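Scroll down for the structure; my scribbles are underneath it.
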Amino acid sequence: MKFHTTLFHRFESDGVQFAYVTPTAAVVQLDDVTAEIIENFSDPRGAEPGPWLETLEAERQSEVREAFDELAAMGMLQPVGAPTAPPVQSPPMPFPLATLVLNVTNKCNLSCTYCYEYGEDRVSDQKKPDGTPRLPMMTEETACKSVDFLLESSEGRSGVSITFFGGETLLNFNTIRVATEHAVRRGREVGRPVSFSLTTNATLLSDEVIDFLVEHKFGINISIDGNKGDQDRHRTFSSGRGSYEIILPRIRKLLEKNRPQGRPIGARVTLTAGMAPVPETYHHLIDEIGFDSVGFAPVTSAEDREYALDGGHLGTILRDFEVLSSDYVDAALAGKRHGFSNLHDLIQEIHLGINKSHPCGAGLGLLGVSTEGELGLCHRFVESGEHSLGTIDDGIDEKKRREFLDSTHISNKLACHKCFARPHCSGGCYHEAYVRYKDPTAPNLHYCDWIRAWTDLGLRSYATIALGNPDFLVNYESRPVPKLPVVEKNEGI
């Protein structure tokens, strides 16, 4: 039987050669023997291992055969003619939910220029099919029914999570309070604890709100774009007044009260054209304001928007990410944590051998809920009509759910089959695809080069940590309830 190498990505760290094996998401440290095997089986037409082994010195044959078998087990070698793309392996349905994102309000007290919910890239319909307006606020009753729906739809999970979202989420704080208290009580009754998270623009962080969030150990993400200039450029009130000076003291009070017992609080930065360098923004948010972590997300927009990112912008962002990644690695080598969450999350996926069948948990372990209880693929697709997956009263439309998941499985994205980074990207964000191509099942082809470069940076960073301070890798070995089915292969270095 002839064998040949599968899709892999070769990279180097501190002079040591590695390979990332795409079919199994394994990271393999290469030595002279494995490098020799790869070289001899790199021809797509393949080669017979037996005759080749016989050409080697007798004392080497056992060692080389063992190395060959290990590479085959890791997926780096396969028989000629074997499928090169992952087969469709639909998760067992109905797949138990892990997370609901409750859009508790459609209203916001800011008028951010790039907002996908209220701007030109909106996918939600502000009116029902009969022409009447949708409810601007989720009622306490709908929120509590959503909690019950989640607990009923998560059989087999050890715990579940609820994320409150908006608009500006805290505009409907009373519903958040009632739903949280109901979830705590119901979670205890069924033996399935509920954790909570929330995204906010921080304008409504009163003492009462802060005390409640800290008491219930909310995971909190604050949308903030950096220094005063960057924040006030896009994140303004309808009058045009900037929001930085208003949110800064509120954020600091939240951080102060939360730090003794709460979960880490993260800043979520939307990257747009014309912003300050990423490292400058990071240090402002971490060192000057005091956030625990910072995550950066390129703006989701059509390419003709003035704030949209083009290839030149993405190249600059990648170079900035390299600077922060170097700082992250230096901290890890010294046994210290670093708040660059983008790299932390990528390294965790690499270490755990995550191999995604879908880009995220949307429509699978995660669903969005509209103010009126309609179920959507995620919070970005609620109230979008064609992407509805049912209601909390009637349940999930399992036929539509399965059809969507089958159509978005990585095996059906032909453009991804020759990309080494597909285990982490799996084609990219459905909402981004819808905005760019009017098709949520389409791969995010405009990000491909960037994703490959970013994945390579993550692999090199991971390898450097694994070589220099392997004990630090324990920090990547725990993670929250998974939001999507993954194939895991924990081949280490």
- line: Considering region 312-364, residues that are over 30 Å from P91 (Cα atoms) and among the β-branched types (V, I, T), and then whichever is surrounded by the most Cβ atoms within 10 Å (Cβ to Cβ), we arrive at V329
- prompt: Across region 22-70, what is the number of residues that are exposed (fewer than 11 other Cβ atoms within 10 Å of the Cβ) and touching a helix residue (DSSP H, G or I) at 6+ places or on another chain (Cβ under 8 Å)?
  reply: 1
message: Quick check on A332: is it without any contact (Cβ under 8 Å) to a residue 40 or more places away in the chain, assigned by TED's automatic domain parsing to the domain that holds L255 and either touching a Ser or Thr at 6+ places or on another chain (Cβ under 8 Å) or outside any strand (DSSP E or B) (or both)?
response: no
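Let's see how each residue does on (1) over 25 Å from S461 (Cβ atoms); (2) part of a loop (DSSP other than H, G, I, E, B); (3) touching a strand residue (DSSP E or B) at 6+ places or on another chain (Cβ under 7 Å); (4) free of Cβ contacts under 8 Å to residues at least 24 places away in the same chain:
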{"residue": "M1", "(1), (2), (3), (4)": "yes, yes, yes, no"}
{"residue": "R10", "(1), (2), (3), (4)": "no, no, yes, yes"}
{"residue": "F18", "(1), (2), (3), (4)": "no, no, yes, no"}
{"residue": "V28", "(1), (2), (3), (4)": "no, no, yes, no"}
{"residue": "V33", "(1), (2), (3), (4)": "yes, no, no, no"}
{"residue": "E36", "(1), (2), (3), (4)": "yes, no, no, no"}
{"residue": "D43", "(1), (2), (3), (4)": "yes, yes, yes, no"}
Selection within region 462-479 - exposed (fewer than 11 other Cβ atoms within 10 Å of the Cβ) and modelled with pLDDT of 95 or more: D471, V474
message: With the structure loaded, tell me whether H284 is surrounded by 15 or more Cβ atoms within 10 Å (Cβ to Cβ), in contact with a Gly (Cβ under 7 Å, 6 or more places away or on another chain) and over 25 Å from D471 (Cβ atoms) or whether it fails that test.
response: yes
field: Lone qualifier among V194, V160, V147 - being aliphatic (A, V, I, L, M), crowded, with 22+ Cβ neighbours inside 10 Å, in contact with a His (Cβ under 7 Å, 6 or more places away or on another chain) and assigned by TED's automatic domain parsing to the domain that holds G373
entry: V147
task: Report, by residue number, each residue of region 231-277 that is hydrophobic (A, V, I, L, M, F, W, C), touching a strand residue (DSSP E or B) at 6+ places or on another chain (Cβ under 8 Å) and within 21 Å of H338 (Cβ to Cβ).
output: I251, L255, I265, A267, V269, L271
- prompt: Any idea which of (1) closer than 27 Å to F95 by Cβ; (2) buried (at least 16 other Cβ atoms within 10 Å of the Cβ); (3) modelled with pLDDT under 95 is the one W450 doesn't satisfy?
  reply: (1)
- line: Only unsatisfied item for R263, checking (1) within 24 Å of V147 (Cβ to Cβ); (2) not in a loop (DSSP other than H, G, I, E, B), is (2)
message: If I filter region 218-263 down to residues being of a type in the set (S, T, Y) and modelled with pLDDT of 95 or more, which single residue comes out as surrounded by the fewest Cβ atoms within 10 Å (Cβ to Cβ)?
response: Y244
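The values are calculated or read from the model by the stated rules, or taken from the named source; none is laboratory data. Predicted, not measured: the structure shown is a model, and the values here were computed from it. Cβ: placed from backbone, ideal geometry, glycine included. Neighbour counts: every protein chain shown.
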